[in-house]
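**Student:** Here's a structure for you.
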Amino acid sequence: MPFSFSETRFPDNLYLCPMTKLSVNINKFATLRNSRGGNNPDVVKAAIDAQLFGADGVTVHPRPDERHIRYKDVYDIKKIITTEFNIEGNSQEQKFVDLVLDIRPHQVTLVPDALGQITSNHGWDTIRHKEYLVDIVGKFKAAGIRVSLFVDPVIAMVEGAAATGADRIELYTEAYAHEFHTDREKAIVPYRAAAIKAAELGLGLNAGHDLDLQNLAYFAHNIPYLAEVSIGHALISDALYLGYENTIQLYKRQLQPQ
C-alpha cells in the first residue's frame with residue numbers, strides 16, 4: 001500500500017516536498033572517456049546537456065585515483081553549472097577537502113569510502129565517527145556549503161547525523177533496490193522510518209544508489225520529505241538504449257506526485 005501522510009503525525013513546521021529533485025551523476029561518462037583516452041564523450045557537455053534535458057542538478061564523485069571524474073573535470077563543470085552542483089566523495093582525503101572548499105558547490109555529500117573502492121557500499125557510522133564528522137561538517141558549512149551525510153536507514157545513524165550538525169542525510173538505497181522485486185512493502189519500511197526520524201530532527205532528506213526506472217516511483221511516493229535523489233549508473237545505462245534526453249525525462253516522470 002502507498003504511504004499515507006494521514007497515518008503519521010509530522011511536525012507542523014516541516015515542509016513536505018511537492019516534487020523530489022533529480023540530480024544526474026555523470027561519472028559514467030568519464031569512465032567511458034577514460035577507457036579510450038581523448039575527450040569523447042565530453043564530460044562537460046554531459047553536464048550541460050543534463051541541465052538542458054531537465055535535470056535539477058549534476059552530481060560528480062571524484063576519487064583519489066581519478067578513474068572516472070577527474071579533478072580538472074570538477075573545475076570545468078563549475079564554470080557551466082546553472083543548476084545545483086553536488087560533489088560526493090571521501091572527506092578523509094585531504095585532496096577532496098581542498099577541492100570542495102575551492103569549488104564551493106551547492107552541496108557536498110560525504111561518503112565513507114575506502115581507497116580504491118569500486119562504489120560506495122555503506123553509510124557512515126555517525127556515532128563512532130561523531131567527533132570527526134562534527135569537525136569536517138563544520139568546515140564545509142563555514143564555507144557556505146550544504147552538507148549531506150551518506151547513511152544507512154538506521155534510526156541511530158540518522159540521530160547521529162543530526163548530532164554532527166549536517167544539513168541533510170542521503171539514504172543508501174542498495175538494500176531497498178535489492179529487496180524491491182521480492183517484497184517492496186518490507187523493503188520500504190526502514191527507509192520510511194528513517195525519513196520520518198530525519199524530519200523530526202530537522203534534517204533534509206536525499207537518497208541514492210541502485211535507484212532505477214523500476215523502483216524509483218514506489219520509493220519516491222512512499223518516502224515523506226524526499227528532497228532529492230542522485231542517480232547515475234542506472235540512468236546512463238538506460239540512456240544507451242533510450243537516449244539521454246528521453247531517459248532524464250522518464251526518471252523525472254517517476255518523481256511526479258501522484
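**Student:** Do the alpha carbons of any pairs in Lys45/Lys130; Lys45/Lys95; Lys78/Lys186; Lys79/Lys130; Lys21/Lys79 sit beyond 30 Å of each other, and which pairs?
**Tutor:** Correct reply: Lys45/Lys130; Lys78/Lys186; Lys79/Lys130.
**Student:** Zone of Asp42 (label point 7 Å along Cα→Cβ, backbone N under 15 Å): which residues in the range 82-106?
**Tutor:** none
**Student:** Cα convex hull of the range 160-258: how many Å³ per residue?
**Tutor:** 99 Å³
**Student:** About the Cα centre of the chain, what is the dipole size in debye to 20, counting +1 per Lys and Arg Cβ and -1 per Asp and Glu Cβ, all else neutral? Can you show the working numbers first?
**Tutor:** Numbers: 26 positive and 32 negative charges, 96 e Å.
The calculation lands at about 460 debye.
**Student:** Additional query: How do 223-229, 56-62 rank on mean C-beta neighbours within 10 Å, highest first?
**Tutor:** For the peptides 223-229, 56-62, the packing ranking is 56-62, 223-229.
**Student:** Work out Dmax and Rg for the chain from the C-alpha atoms and quote the Rg first, both in angstrom.
**Tutor:** Using the Cα atoms of the chain, the pair Rg, Dmax is 17.4, 55 Å.
**Student:** Hey, can you list the DSSP H helices of the chain whose Cα span along the axis is 20 Å or longer and whose average Kyte-Doolittle score is at least -1.0?
**Tutor:** Span-like helices in the chain: 184-200.
**Student:** Compare the peptides 66-73, 177-184 by average per-residue count of other Cβ atoms within 10 angstrom and give them in order, highest first.
**Tutor:** 66-73, 177-184
Readers should treat all values here as calculations from the given coordinates under stated rules, not as data from a laboratory. Note that the coordinates shown come from a computational prediction; the quantities given were computed from them, not determined experimentally. Methodologically, a virtual Cβ is constructed for each residue, glycine included, from the backbone with ideal geometry; neighbour enumeration extends over all protein chains shown.
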